[in-house]
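Here it is, the structure, as structure tokens.
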Amino acid sequence: MIASRNGDVTTEPYTVSYQVSPGCHIKILAPLAGVVTHWESELSPSGDKVTYMQTDHGSVLSGWEFRVRR
């Protein structure tokens, strides 16, 4: 993960735990740059796409990721 905190950009490995509900909703607590961040996510029914949004006050981060197949 590449993170920026107060303009200081760092690259650091991290591990998160998550559970996917039957409705494909995901809640994640992720330690980024030494701070635990909170996320709301949704997994597509096929499992090929996840959308996410950070829900911490003052945060502006959202996006999506696609599964890469070989």
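If a residue must be closer than 19 Å to Ser62 by Cβ and either at pLDDT 70 or above or not aromatic (Phe, Trp, Tyr) (or both), how many such residues does region 1-22 contain?
Pass one, region 1-22, residues closer than 19 Å to Ser62 by Cβ: 1-5, 14, 16, 18, 20.
Next, only the ones that are either at pLDDT 70 or above or not aromatic (Phe, Trp, Tyr) (or both) stay: 1-5, 16, 18, 20.
Summing the residues that are closer than 19 Å to Ser62 by Cβ and either at pLDDT 70 or above or not aromatic (Phe, Trp, Tyr) (or both) in region 1-22 gives 8.
Another question about this same structure. Pairs please, first residue from region 52-67 and of a type in the set (D, E, K, R), second anywhere and assigned to a loop (DSSP other than H, G, I, E, B) and modelled with pLDDT under 85, Cβ atoms under 7 Å, 6+ apart in sequence or on different chains.
Note: pairs meeting the criteria are Arg67/Gly47.
The values are calculated or read from the model by the stated rules, or taken from the named source; none is laboratory data. The model shown is predicted, which means the values in this text are computed figures rather than measured ones. All Cβ positions, even for glycine, are placed from backbone atoms using ideal geometry, and neighbour counts span all protein chains on display.
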